[in-house]
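One structure is given here, and the rest of the page talks about it.
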Amino acid sequence: MLPHLPADEEMLISTQRLDLVPLVGGDADDLFPVLHDPALGRFTGEPPPADVDALRARFAAWEARRSPDGAELWLNWVLRSRAERRAIGYVQATVGVGDAAVAWTVGSSMQRQGFATEAASALSSWLRDALGVRSVVASIHPDNTASQRVAERIGLRPTDRREDGEVVWENVAAAEPPR
């Protein structure tokens, strides 16, 4: 059975330097300057958003927090740096029955400071604690060494599986038999 859809206030996550806040359409104004960087699409193949209205529409659609068929939870958070007092990226989780696929994006100017690791680690913990997720996976481009390091730091390991040309990484606990 799919986990319950948490209310927005149940989805608030705080770390030492970040607040992870459920993403809404209005976050497009803060995130557009961050995501309008072509360098961010280097490994995803996604072009930058065309304009803030297109980004707002995409984010507004995500506010349903469910896939169109209702089979998955689509959870997204804006990353807000407390020191910078601004949005620096986002994380997302596609949650199924007992498992979740996670992804992270941090703006180019804020990379190499540990924010992706901090956010992805907090997200993975929240998924286990709040939703009972047992298996966490991430699909990472084979040349994206920065995301590979984030995945390693949050306890994911590469598998032999591929998805759209990306290597599927999974948490070690998922490979262990249940006790």
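Dipole orientation for the chain: of the candidates 2, 78, 142, 142 has the Cα lying most toward the positive pole (charges on Cβ; Lys, Arg +1; Asp, Glu -1). Find which of 91, 124, 67 sits farthest along the positive direction of the dipole of the chain, computed with +1 on the beta-carbon of Lys and Arg, -1 on that of Asp and Glu, about the Cα centre. About the Cα centre, the residue reaching furthest to the positive side is 124. Basic side chains Lys and Arg get +1 at the Cβ, acidic Asp and Glu get -1 at the Cβ, and with that the dipole of the chain about its Cα centre reaches some 520 debye.
Per residue of the chain, the DSSP helices (runs of n ≥ 4 H) give a summed -39500 (n - 2.57) that works out to -8000 deg cm²/dmol at 222 nm.
A straight line joining the Cα centroids of segment 90-169 and segment 9-65 runs 16 Å.
Projecting the Cα atoms of 114, 156, 100 onto the charge dipole of segment 28-179 (Cβ charges, centred on the Cα centre) puts 114 farthest toward the positive pole. Can you bin the chain into rounded, prolate or oblate? Criterion: square roots of the alpha carbon gyration tensor eigenvalues sorted a ≥ b ≥ c, rounded for a/c under 1.5, prolate for a/b above b/c, oblate for the rest. Rounded. The antiparallel fraction among DSSP beta bridges confined to the chain stands at about 90%.
Each other residue within a Cβ distance under 11 Å of residue 100 adds +1 if Lys or Arg and -1 if Asp or Glu, for a net charge of -1. Taking other Cβ atoms within 10 Å as a rough exposure proxy, 81, 147, 109 sort from fewest to most as 109, 81, 147.
Laboratory data are not the source of any read-out in this text; all were calculated from the coordinates shown. For clarity, every value in this text was computed on a predicted model and none was experimentally measured. Cβ coordinates were reconstructed from backbone atoms using ideal geometry, including for glycine residues, and neighbour counts include every protein chain displayed.
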